[in-house]
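The values are calculated or read from the model by the stated rules, or taken from the named source; none is laboratory data. Here the structure is a predicted model, which is why all the values come from computation and not from measurement. Cβ: placed from backbone, ideal geometry, glycine included. Neighbour counts: every protein chain shown. The area values use the complete protein model at the heavy-atom level, side chains included, leaving out ligands, DNA and RNA. Shrake-Rupley method; radii C 1.70, N 1.55, O 1.52, S 1.80 Å.
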Amino acid sequence: MTTTPFKLTIHMVSSLDGIIAKKDNSVSWFDTPDHYEKGVGEPDVAAFLKTIDCYVMGARTYEHAIELSKSYGWAYGDVPTIVVTHRNIPIDRPNIEIYSGDLNKLVNERLKPNYKNVWLVGGALLAKDFIRAKLADDIRLSVLPIILGDGLLFFDQIGKEQALHLKDVTAYKSGMVELWYEIKK
């Protein structure tokens with residue numbers, strides 16, 4: 001019997017200049033009017049999301065997702081979601097839990113025994129912590145066709161060099177380009 005190996009993927013959406021959040025946290029820039037004729041159609045998002053066992057996110061990403069859910073619905077469905085924070089934040093969904101502690105323990109004692117496909121969906125500080133600790137396996141970066149000029153950068157001063165291996169590139173009709181890198185360990 002073949003078992004699927006554990007994989008922790010960092011997923012981020014950014015502008016071409018590497019910004020993942022505007023200062024006002026608006027997401028209107030996600031909807032771009034661009035059209036790339038050679039691009040592929042949008043993927044079957046619903047089918048893809050069913051492959052994710054668990055989400056991990058920081059508190060600010062969680063709070064932003066809660067705010068966005070008022071207009072767009074909760075993006076993560078009933079999938080187990082772990083919010084990494086030292087703050088005491090209100091949780092109103094049964095599939096969400098708070099984790100405060102060592103990231104190695106989180107991955108090795110909580111995630112690996114229970115899940116196979118974990119996605120870290122924000123934020124930038126938490127993603128950098130996972131990369132520095134060599135706990136992430138892949139980075140999937142969706143670059144939108146826009147330069148924002150100001151806001152929160154995905155990678156600013158990670159503090160060390162990190163080699164990557166390009167696994168795939170997909171250009172979509174919307175003008176979004178997805179870069180899929182394996183993190184070399």
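Structure notes:
- Of the listed requirements (1) among the basic types (K, R); (2) outside any loop (DSSP other than H, G, I, E, B); (3) within 24 Å of E182 (Cα to Cα), K134 misses just one: (2).
- Count of segment 132-148 residues, restricted to those that are open to solvent by less than 60 Å² (accessible area, probe 1.4 Å) and out of contact with any Lys or Arg (no Cβ under 8 Å at 6 or more places or on another chain), is 11.
- Meets criteria (under 17 Å from V121 (Cβ atoms), among the small types (G, A, S) and surrounded by 13 or more Cβ atoms within 10 Å (Cβ to Cβ)) for A46: no
- Scope segment 1-33; condition surrounded by fewer than 18 Cβ atoms within 10 Å (Cβ to Cβ), at pLDDT 85 or above and more than 22 Å from P113 (Cα to Cα); matching residues: L16, D17, K22, K23, D24, W29, F30, D31, P33
- When N88 is tested against (1) closer than 22 Å to D17 by Cα; (2) free of Cβ contacts under 8 Å to residues at least 12 places away in the same chain, exactly one condition is not met: (1).
- Figure legend. Inter-residue proximity from segment 110-139: first residues over 15 Å from F155 (Cα atoms), second residues part of a helix (DSSP H, G or I) and of a type in the set (D, E, K, R), beta-carbon distance below 9 Å, spacing 6+ or different chains. Indicated pairs: L135/D129.
- Condition check for K185: over 21 Å from G39 (Cβ atoms), of a type in the set (K, R) and either modelled with pLDDT under 95 or in a strand (DSSP E or B) (or both): yes
- From the options Y76, Y62, Y55, residue that is hydroxyl-bearing (S, T, Y), under 15 Å from V121 (Cβ atoms), assigned to a loop (DSSP other than H, G, I, E, B) and open to solvent by less than 70 Å² (accessible area, probe 1.4 Å): Y76
- Test for I158: is it open to solvent by 20 Å² or more (accessible area, probe 1.4 Å), assigned to a loop (DSSP other than H, G, I, E, B), at pLDDT 95 or above and not basic (K, R): no
- Within segment 1-10, restricting attention to residues that are out of contact with any helix residue (DSSP H, G or I) (no Cβ under 9 Å at 6 or more places or on another chain) and assigned to a strand (DSSP E or B), the residue that is nearest to L126 (Cα to Cα) is T9.
- Checking each residue in segment 85-131 for being touching a Gly at 6+ places or on another chain (Cβ under 7 Å) and loosely packed, with under 15 Cβ neighbours inside 10 Å picks out only L125.
- For I82, the stated conditions hold: it is assigned to a strand (DSSP E or B), modelled with pLDDT of 95 or more and open to solvent by less than 70 Å² (accessible area, probe 1.4 Å).
- Looking only at segment 166-185, and only at residues there that are more than 18 Å from the chain's Cα centre (by Cα) and open to solvent by 40 Å² or more (accessible area, probe 1.4 Å), the one that is farthest from N104 (Cα to Cα): K173
- For segment 23-52, residues that are farther than 18 Å from Y72 by Cα and part of a loop (DSSP other than H, G, I, E, B) total 15.
- Filtered residue count, segment 161-182, keeping only those that are assigned to a loop (DSSP other than H, G, I, E, B) and not acidic (D, E): 6
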